[in-house]
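First the structure, in the form of C-alpha cells, and then the observations on it.
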Amino acid sequence: KGIYDNSTGNVFKIKNSNSTDAVVLLVNAYSGRKTRNEYIRKGATFSMTGVPNGTYYLEWASGNNWSPDIKVGNLTGGFQTDESFTKTSDRNDWMKVNGYQEWTVTLYSVSGGDVESESLTANQFGN
C-alpha cells in the first residue's frame, strides 16, 4: 500500500519516455521505506499526488510483456523480456519536498545526462 498525505500538495510527475514499460518505486532516502509504486506504460505520464514531506530517490524496473506471476527477487510480478533495474545513485539527485512542491522526472537514458544512475539486480530491486 502506498503512503499518502493529501494535505502536503506534493506531486511527483513521472514521464516514461523509454521504449519499455516501467514500474517506479518512490523511496524515502533516509529510512529506505517504499512510499509508492506505480506501473507506467511507455510514452505515458503519471502524477503521484499526496506525497508526504520528505527526501526521496527513485528505483525502477523496465521491460516488456508484464506478468503478474513472475517472481522478481522477493517481489511477485515482473517483465518477461527486456528487463532492467535502475536507481538514482547520487545524493545530489535526491528530491526533497516540503509542502506544495512538484518534481518532474523523465525516464530515459541519455549519455552524459545530469542524473547519475546505477544498475540493480532483480534481488536488489525493491529491497
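Taking a point 7 Å from the Cα of GLU102 along the Cα-to-Cβ direction, the residues of the range 26-60 with backbone N closer than 14 Å to it are 45-51.
When you restrict to C-alpha pairs under 8 Å that are six or more residues apart and normalise by the size of the chain, the relative contact order lands at 30 percent.
For the range 7-127, the solvent-accessible area of protein heavy atoms averages 55 Å² per residue (probe radius 1.4 Å; ligands and nucleic acids excluded).
Between SER47 and ASN74, the simple label model (points 7 Å from Cα in the Cβ direction) yields a spacing of 3.4 nm. Consider a paramagnetic label point 7 Å from the Cα of ILE3 along Cα→Cβ; state which residues of the range 34-74 have an amide N under 18 Å from it. Taking a point 7 Å out along Cα→Cβ of ILE3, the residues of the range 34-74 whose backbone N falls under 18 Å are 34-38, 48-60.
For the range 46-111, give the percent of accessible area contributed by carbon and sulfur heavy atoms, probe 1.4 Å, rounded to a whole number. Provide the component values of the computation, followed by the final result.
Values: 1580 of 3680 Å².
The computed percentage sits at 43.
The values are calculated or read from the model by the stated rules, or taken from the named source; none is laboratory data. No experiment lies behind these values; they were computed from the predicted model shown. Note that each Cβ is placed from the backbone with ideal geometry, even for glycine, and that neighbours are counted across all protein chains shown. These accessible areas exclude ligands, DNA and RNA; they are computed on the full protein's heavy atoms, side chains included. Shrake-Rupley method; radii C 1.70, N 1.55, O 1.52, S 1.80 Å.
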